[in-house]
Every structure is written in structure tokens, then in C-alpha cells.
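All of the numbers you see were taken from the coordinates with simple rules; none came from a lab. Bear in mind the structure is a predicted one, so any value in this text is a computation, not a measurement. Here the Cβ positions follow ideal geometry from the backbone for every residue, glycine too, while neighbour counts run over all protein chains shown.
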Amino acid sequence: MNIPGNKIVGFIKEHHVLTLATSVKNVPYCANCFYVYLEDENMFVFTSDNDTKHVQDVLQNSYVGGSVVLETSIIEKIQGIQFNGKMYLPRGDLKKKAKKTYMKRYPFAVLMKTQLWIVELDFIKLTDNHLGFGKKLIWKKDVAKN
């Protein structure tokens, strides 16, 4: 994975809540989810109930967007990512790895009647004012390799 200077990966690993954005028939919707990040696969893993609006939306349009942000009002500390990717249920070995990683970070999730979902990322933009006002680092999946 060719992510600029690992700043993006470092930011993602420092946080644990993402905002997921879905859209069906030009009607947007957002949901907040606890996540873990699978670095080797470049995927977010989270749980959600099948009856939620965002899961129902994904069953019609699996391409999603979202963000992870540092909540601050101090201009110099502003950091956050915006992302796009495909959301789906993991299968096989990926499901095993996703479940193990998620349960390690959120052991209480074993009590919840939800499913694991992943977002396979194809675009990430990090805005990081630590690197200079409005500095942006962009990563895009190399579609020629997939």
C-alpha cells in the first residue's frame, strides 16, 4: 500500500470512530461507528445491525464515503480524513481476521447481535494542519493492479 509517509495510517490508528455516509436515490444518510483498521488490507472494520438505515442503503448502493476527525477548535491542530470505498460483509479468512481484530479492541461487541462489515478503501484524503495550514495528503487505489 503506497500511503504518503504513513501519516494517513498513523492518523487512522489514533482514532476509533468514523462517520459513514451512504446515499440511495440522492438521499444521503450518516452514521457513526466504532472501527478498527486492517492496515495490510487497507480496510475499516465495524459492526452494524441489518435493520439500520445505513445497512439498508448499502444493500442498494455499496459505494460509501465517510470521515474520521480530530474534534478541536484550535486551527493548528485540525486533522481529519475523508474516504470513499466499497462496503460489504467479509467472508472466509478476511472475516476471521476482521472478527479477531475487532473483538480484541471491543470485547463487549461479543454481546451484540450485529454483523461485521468492512469498507475496502479506494480513496483517502488527510487534511493535517500540523504539516502546514490546509495541507492535504491524498491516496488513491491503483486500479491497474486490481
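Each of Tyr63, Tyr37 was scored by other Cβ atoms within 10 Å of its Cβ. Listed from fewest to most, they are Tyr63, Tyr37.
For the range 9-67, the set of trypsin sites (Lys or Arg not before Pro) satisfying both a DSSP loop assignment and a count of at most 11 other C-beta atoms within 10 Å is given as Lys25. A crude spin-label estimate for the pair Ile138 and Lys53, with each label 7 Å from Cα along the Cβ direction, gives 3.0 nm. Annotation note: GluC sites (Glu not before Pro) in the range 56-146 located in DSSP loop regions with a Cβ neighbour count of at most 11 within 10 Å are Glu71. Every Cα-Cα pair in the chain was counted, and those over 23 Å apart are 37% of them. On full extension, the segment bounded by Cys30 and Lys113 gains 27.8 nm, given 0.36 nm per residue less the C-alpha separation.
The angle separating the long axis of helix 92-105 from the principal Cα axis of greatest extent in the chain is about 70 degrees.
For the range 1-120, the relative contact order works out to 27 percent when only alpha carbon pairs closer than 8 Å and six or more residues apart are counted.
Dipole magnitude for the chain: computed about the Cα centre from +1 point charges on Lys and Arg Cβ and -1 point charges on Asp and Glu Cβ, it is near 280 debye. Across the range 28-43, coupling constants 3J(HN,Hα) worked out from phi with the 6.51/-1.76/1.60 Karplus curve, θ = phi - 60°, read x, 8, 10, 9, 9, 9, 6, 9, 10, 10, 9, 5, 4, 9, 6, 9 Hz, and Gly and Pro carry x. Among the lysines, which fall within straight-line cross-link reach of Lys104, defined as a Cα-Cα distance under 18 Å, with same-chain neighbours fewer than 8 residues apart omitted? Qualifying lysines at Cα under 18 Å: Lys13, Lys95, Lys96, Lys113. The slack between Lys96 and Val17, meaning 0.36 nm per residue of separation minus the straight C-alpha distance, is 26.3 nm.
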